[in-house]
Amino acid sequence: MQRLFAFLLNSIHLFAALILIIMSLLIMGWAVYEVIASIPLKGEFIPRMLQSVGAIVISAAIIDVAQYMIEEEVFMNKELRDPREARRTLTKIIVIITIAVSIEGLVYIFKAGTESMALLIYPAWLLFVSAILIVSLGVYQKLSATIEREELTKIKM
């Protein structure tokens, strides 16, 4: 019964990851189509290009999440046995989120710059949040490395 349940969960994770990849590819296709369709329109190309860059960044982040789901939930043992493995997994997730937030912030800065300077506060907050994520990840890495060393010391004794 436990094997059947594990197979069912692995299948659901794989299905969800494949759906995410398909949706991401559709978003990318739509973004390219929007850029090509806006070439003959005056004044529409740059805003559509920036919107498409944002859509492609989001879809790339979605593919990273799908890849993570396949690697960690389908192919790997789901139990995190040691702090090192937990640190690697959490680091991967935070890096994906940080990259997506940073690039979105940059895209929106360019977009806001073409529309209104008053709109720059929102992308500035996105960049601030991405900086906080990077600093937080560094603190987490430092603290978890210390815990890893302590655990190795206990094992050797």
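The values are calculated or read from the model by the stated rules, or taken from the named source; none is laboratory data. Just so it is clear, the structure is predicted and the values come from calculations on it, not from any experiment. Glycine also receives a Cβ, built like all others from the backbone with ideal geometry; neighbour counts cover every protein chain displayed. We work out accessible area using only protein heavy atoms, side chains counted, and drop any ligands, DNA or RNA first. Shrake-Rupley method; radii C 1.70, N 1.55, O 1.52, S 1.80 Å.
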Q: Please state which of the following conditions residue 43 fails to meet, knowing it meets all the rest: (1) on the phi > 0 side of the Ramachandran plot; (2) surrounded by 13 or more Cβ atoms within 10 Å (Cβ to Cβ); (3) not charged (D, E, K, R).
A: (2)
**Q.** Lone qualifier among 131, 124, 86 - being touching a residue at least 40 places away in the same chain (Cβ under 8 Å) and under 22 Å from the mean Cα position of the chain (by Cα)
**A.** 86
Q: Go through segment 104-115 and count every residue that is open to solvent by 50 Å² or more (accessible area, probe 1.4 Å) and modelled with pLDDT under 80.
A: 4
Q: Tell me, please, whether a residue that is within 19 Å of the chain's Cα centre (by Cα), free of Cβ contacts under 8 Å to residues at least 60 places away in the same chain and under 26 Å from residue 115 (Cα atoms) can be found in segment 33-47.
A: no
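Does residue 60 satisfy the criteria of being closer than 26 Å to residue 141 by Cα and either in a helix (DSSP H, G or I) or open to solvent by less than 50 Å² (accessible area, probe 1.4 Å) (or both)?
yes
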Q: May I ask you to verify whether residue 73 is over 15 Å from the mean Cα position of the chain (by Cα), of a type in the set (Asp, Glu) and either surrounded by 15 or more Cβ atoms within 10 Å (Cβ to Cβ) or under 26 Å from residue 7 (Cβ atoms) (or both)?
A: yes
Q | Failed item, numbered, when residue 92 is tested on (1) under 14 Å from the mean Cα position of the chain (by Cα); (2) of a type in the set (D, E, K, R); (3) open to solvent by less than 80 Å² (accessible area, probe 1.4 Å) | A | (3)
Q | Some residue of segment 58-69 being at pLDDT 80 or above and of a type in the set (D, E, K, R) | A | yes
Q. Counting only residues that are over 19 Å from the mean Cα position of the chain (by Cα) and within 19 Å of residue 111 (Cβ to Cβ), which one in segment 2-32 is most open to solvent (accessible area, probe 1.4 Å)?
A. 30
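Tell me the residue from 144, 136, 130 that is surrounded by 12 or more Cβ atoms within 10 Å (Cβ to Cβ), modelled with pLDDT under 90 and not charged (D, E, K, R), please.
144
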Q. Given the structure, is residue 76 without any contact (Cβ under 8 Å) to a residue 24 or more places away in the chain and out of contact with any Pro (no Cβ under 9 Å at 6 or more places or on another chain)?
A. yes
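A quick yes/no check of all residues on (1) over 23 Å from residue 11 (Cα atoms); (2) part of a helix (DSSP H, G or I); (3) at pLDDT below 75:
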{"residue": "71", "(1), (2), (3)": "no, yes, no"}
{"residue": "74", "(1), (2), (3)": "no, yes, no"}
{"residue": "80", "(1), (2), (3)": "no, no, yes"}
{"residue": "99", "(1), (2), (3)": "yes, yes, no"}
{"residue": "102", "(1), (2), (3)": "yes, yes, no"}
